[in-house]
Amino acid sequence: MDKVLNLEIHYHRPDAASVILKYNQYDSDEMFGEILLFCFFTLRVMWNLGRDYEGANSLAAILSGAFKPLPLLTNNDYPNVAKLMEYQGSPGEEIIFANLTYGQDIIFELKPEVFDVFGKGIEYYAISSVLILLKYLVKKREGNEIYRNAIYKAALECSRIYYSERLTGDNLVWNALLITNSSFKKIRENQLANGSVKTEESNEDSTVDEHFGSLLKSAPPSPSRKVLRDYKCSGLGGWLILMVFYVFFTGLACFFLLFNK
């Protein structure tokens with residue numbers, strides 16, 4: 001059975017957001033799914049923005065710890081980054097949805113809602129959402145130092161692949177899986193050591209590489225051609241509306257000119 005994670009990031013103000021994360025099943029691989037979701041989300045944002053966008057470079061620098069250590073970020077002490085707050089039941093003014101399915105298939109969807117029809121400000125919210133998600137995941141498992149180090153390692157590796165200029169739409173899935181696999185190893189080793197997961201649960205393999213090797217096999221050769229909805233086209237609706245108005249008023253002007261001769 002495929003595992004599914006549904007993420008919602010609600011911006012109640014531009015500088016404050018809350019997170020809702022749901023799973024279709026809860027098991028010992030829950031932390032793997034969270035790290036994989038973070039990697040997909042982060043790499044997708046970086047890829048969409050592109051290397052020519054200053055915000056993407058700033059995001060990569062933050063994730064690499066170049067400005068300040070990541071613990072300051074996750075403790076809400078990082079300047080100019082939205083604060084993480086508890087969800088109070090009311091949807092935010094701006095919302096970013098993300099869905100991750102993995103198992104037999106690997107599908108990642110990223111979609112904003114309630115944004116300006118022209119996609120105004122979407123870049124800020126996309127970048128901020130990566131940091132909000134990182135904050136949320138660390139806080140969710142507060143006190144779990146192994147998990148915290150794993151998610152920080154994943155953030156660092158995402159920044160490195162961005163700076164290497166080797167991130168493309170065709171290898172994004174592979175990079176997300178490889179970074180997650182590498183980051184999750186210490187967690188799995190700890191689970192096996194303390195007996196929280198049995199070897200049989202690991203698909204009859206004791207190593208993370210073997211356990212999740214099947215995911216690499218199911219990764220599509222060209223993930224950019226999968227059904228991946230993201231904010232890159234979020235402003236398209238605005239341009240279509242503008243075009244409709246342009247055609248309408250141009251036609252209306254021609255009509256009056258024609259019949260007022």
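The values are calculated or read from the model by the stated rules, or taken from the named source; none is laboratory data. Bear in mind the structure is a predicted one, so any value in this text is a computation, not a measurement. Here Cβ is always computed from backbone atoms with ideal geometry, including for glycine, and neighbour counts include all displayed protein chains.
Please pick out the residue among Asn48, Asn24 that is modelled with pLDDT under 90, within 14 Å of the chain's Cα centre (by Cα) and farther than 17 Å from Tyr147 by Cα.
Sole residue among the options that is modelled with pLDDT under 90, within 14 Å of the chain's Cα centre (by Cα) and farther than 17 Å from Tyr147 by Cα: Asn48.
Please find, among Glu157, Glu123, the residue that is within 26 Å of Glu54 (Cα to Cα), touching a Gly at 6+ places or on another chain (Cβ under 8 Å) and part of a helix (DSSP H, G or I).
None of the others qualify; the one that does is Glu123.
What about Leu172, is it of a type in the set (A, V, I, L, M, F, W, C) and within 21 Å of Gly55 (Cβ to Cβ)? Walk me through how you get there before you give the answer.
Values: of a type in the set (A, V, I, L, M, F, W, C): yes; within 21 Å of Gly55 (Cβ to Cβ): yes.
So Leu172 fits the description; yes.
Quick check on region 88-98. Is at least one of its residues modelled with pLDDT of 90 or more, within 24 Å of Asp29 (Cα to Cα), in a strand (DSSP E or B) and in contact with a Phe, Trp or Tyr (Cβ under 7 Å, 6 or more places away or on another chain)?
Yes, the conditions are met somewhere in region 88-98.
Tally the residues that are within 27 Å of Leu84 (Cβ to Cβ), surrounded by fewer than 17 Cβ atoms within 10 Å (Cβ to Cβ) and not hydrophobic (A, V, I, L, M, F, W, C), restricting the search to region 142-195.
Number satisfying all stated conditions: 10.
Cβ-Cβ distance below 8 Å, separation of 6 or more or different chains: which pairs start in region 147-162 with a residue that is over 20 Å from Trp47 (Cβ atoms) and end on one that is outside any helix (DSSP H, G or I) and of a type in the set (D, E, K, R)?
Tyr147/Arg141; Arg148/Arg141
Any idea which of Pro79, Pro71 is modelled with pLDDT under 90 and either assigned to a helix (DSSP H, G or I) or surrounded by 15 or more Cβ atoms within 10 Å (Cβ to Cβ) (or both)? Talk me through it step by step, then tell me what you get.
Working: Pro79 fails: either assigned to a helix (DSSP H, G or I) or surrounded by 15 or more Cβ atoms within 10 Å (Cβ to Cβ) (or both).
Of Pro79, Pro71, the one residue that is modelled with pLDDT under 90 and either assigned to a helix (DSSP H, G or I) or surrounded by 15 or more Cβ atoms within 10 Å (Cβ to Cβ) (or both) is Pro71.
From the residues in region 91-105 that are buried (at least 22 other Cβ atoms within 10 Å of the Cβ) and under 14 Å from the mean Cα position of the chain (by Cα), which one is nearest to Leu178 (Cα to Cα)?
Here the answer is Leu100.
Please go through region 7-40 and give me each residue that is assigned to a strand (DSSP E or B) and either aliphatic (A, V, I, L, M) or free of Cβ contacts under 8 Å to residues at least 24 places away in the same chain (or both), ordered by number.
Leu7, Ile9, Ala16, Ala17, Val19, Ile20, Leu21, Lys22, Tyr23 - these are the residues of region 7-40 that are assigned to a strand (DSSP E or B) and either aliphatic (A, V, I, L, M) or free of Cβ contacts under 8 Å to residues at least 24 places away in the same chain (or both).
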